[in-house]
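Worksheet: the structure to be examined is printed underneath.
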Amino acid sequence: MTLSTVSDLLIQETKQVDVEVKGWVRTFRANRFLALNDGSTIHNIQCVIDFESTSEALLKRINTGAAVHIKGLLVESQGKGQTVEIQVSDLIILGDADAESYPIQPKKHSFEFLRENAHLRTRTNTFSAVMRLRSKLSFAIHNYFNENGFYYMHTPIITGSDAEGAGEMFRVSTLDPKSPPLTEAGEVDYAEDFFGKESNLTVSGQLEAETYAMSLGKVYTFGPTFRAENSNTSRHLAEFWMIEPEVAFMDLAGNMDLAEDFLKYVLNYILEHCKDDLEFLEQRLIQEEKSKPQAERSEMSLTDKLRFVSENNFKRVTYTEAIDILRNSKPNKKKKFKYIIDEWGADLQSEHERFLVEKHFKCPVILFDYPANIKAFYMRLNEDGKTVRAMDILFPGIGEIVGGSQREERLEVLKEKMAALDIPEEELWWYLDLRKYGTAVHSGFGLGFERLVMFVTGMSNIRDVIPYPRTPQNAEF
Ligand code: 4AD
Ligand code: MG
């Protein structure tokens, strides 16, 4: 007999047939009802055990967390809560789980506790649903680009350049930290290091993606990126995954259209293909909302929120308009913001972004044309000489989910910008070459994958949407 998955059995039309399934015990009650889950679906299958013909010793081993092999008859269920069940004829314990020490007992655990047990947390409904959705989202993303003529490009993880110019990088080195070779000036001599120069984990694949866009036309990367920023927030990771499309001959307006179309596609994909997991997470959120004060409760359910974003146009607003709105806003006047906005040129904090999205516009917002000096060196300078063709997409509950821009394609302007920021031309000679040979307007953006997973699952801490989060002081597992 072939092994079935729980997900197949739950929708199987033919009943009164022998079936076989393997999985982990979720609960076992009354020495009779075993709820089995194998990860194929959020739902368990009920396995009914005839305790009279089962030895006491075996019954004692049917603990939550144990791996079991079950053979039996698939029948329509008599009880409430399920349509089918298995009348067990044979049960084999594949791996015991000690009832005393197994951490994931069938009760409510805090997310903090589950983070400490991240190797077992996908044995809970919440985390299995989140991680199945994460997997589906990845495929939806690849589908979108594949269907739209993009090539998938693998940008390097180890690089010699700082793509964002923010200096928040992890060094990659094989030098002995206790006695590194020194130059005559007494500094660490990276010429003797593995790559013959200072190297780091990438903060973004953009610069390399630009080189491929300028030959293959439409490309994207989807890989891990690393940032050594010491921000211990619920939206920052030191290792996160980023999706970065880059397109030749596309300007900032085209970039906004692409990002919006792409986000709507993946949300619709999830609404269509992941109903069970979404339904579970929606109910979880409804319960969670009940414990909050009335004023803080969300008016929309999870699926309503996804549908709202996928069905409505994103509001496009310039940075300058946004500053006016913020300056005249209640929380600014009443000094409720931690950072008060009083001048054009101020960098926006997440409290401002969330005010614009959640209180003012009440829909996703694309902010564009930011001041040049708060954005990265590669962004296209506008005719006004002080703003750049940057865009950030802000989502409700998340804040910034996408950052992108039209790139500076003019060699002289780019060189001036780099000089002003002390970025050596030798380091990015290949990037400058793109502006020397066949330069053209081009644009792209970066979507933080975990922030998207947060939005889709309704999880409020980024540590709970990636299998093994890396954050300051924490790289367990
Ligand atoms: O805005 P960022 O820094 O943009 C770039 O890296 C560009 N090179 C992208 C491009 O144009 N190709 O980062 C892009 C997105 C952010 O909007 C955010 O969603 C996410 O990456 N992000 C983070 N996610 C989790 N943890 C962090 N520490 C993040 N930093 C950025
Ligand atoms: Mg950004």
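The values are calculated or read from the model by the stated rules, or taken from the named source; none is laboratory data. Predicted model only: the values in this text are computed from it and were never measured. Note: ideal-geometry Cβ built from the backbone for every residue, glycine included; neighbour counts use all protein chains shown. All accessible areas refer to the heavy atoms of the entire protein, side chains included, with ligands and DNA or RNA removed. Shrake-Rupley method; radii C 1.70, N 1.55, O 1.52, S 1.80 Å.
Yes/no per residue for (1) in a strand (DSSP E or B); (2) more than 10 Å from ILE86 (Cα to Cα):
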residue	(1), (2)
ASP18	yes, no
TRP24	yes, yes
PHE28	yes, yes
ASN31	no, yes
LEU34	yes, no
ILE42	no, yes
GLN46	yes, no
Scanning segment 341-389 residue by residue, those among the polar types (S, T, N, Q) and open to solvent by 40 Å² or more (accessible area, probe 1.4 Å) turn out to be GLN349, SER350, ASN373
Q. Would you say ASP422 is part of a helix (DSSP H, G or I), of a type outside the set (Gly, Ala, Ser) and more than 16 Å from ligand 2 (Cβ to nearest atom)?
A. no
query = Can you find a residue in segment 455-473 that is in contact with an Asp or Glu (Cβ under 8 Å, 6 or more places away or on another chain), open to solvent by less than 10 Å² (accessible area, probe 1.4 Å) and away from ligand 1 (no atom under 11 Å from the Cβ)?
reply = no
Among (1) over 30 Å from LEU432 (Cβ atoms); (2) surrounded by fewer than 22 Cβ atoms within 10 Å (Cβ to Cβ); (3) more than 13 Å from ligand 1 (Cβ to nearest atom), ALA419 falls short only on (1)
The condition of being within 12 Å of ligand 1 (Cβ to nearest atom), assigned by TED's automatic domain parsing to the domain that holds LYS336 and not in a loop (DSSP other than H, G, I, E, B) holds, among LEU432, LEU367, only for LEU367
_I'd like to know if segment 229-248 contains one or more residues that are more than 7 Å from ligand 1 (Cβ to nearest atom), within 20 Å of ASN461 (Cα to Cα), of a type in the set (Asp, Glu) and modelled with pLDDT of 95 or more._
yes
Among residues of segment 435-454 being open to solvent by 30 Å² or more (accessible area, probe 1.4 Å) and either assigned to a helix (DSSP H, G or I) or touching a helix residue (DSSP H, G or I) at 6+ places or on another chain (Cβ under 8 Å) (or both), the residue nearest to SER234 (Cα to Cα) is ARG451
Result of the Cβ filter at 6 Å on segment 96-120, keeping first residues that are in contact (Cβ under 8 Å) with a residue 40 or more places away in the chain and partners that are of a type in the set (Asp, Glu) and surrounded by 13 or more Cβ atoms within 10 Å (Cβ to Cβ), at least 6 apart or interchain, is PHE111/ASP464
Within segment 26-38, is there a residue that is exposed (fewer than 13 other Cβ atoms within 10 Å of the Cβ) and out of contact with any Asp or Glu (no Cβ under 6 Å at 6 or more places or on another chain)?
-> yes
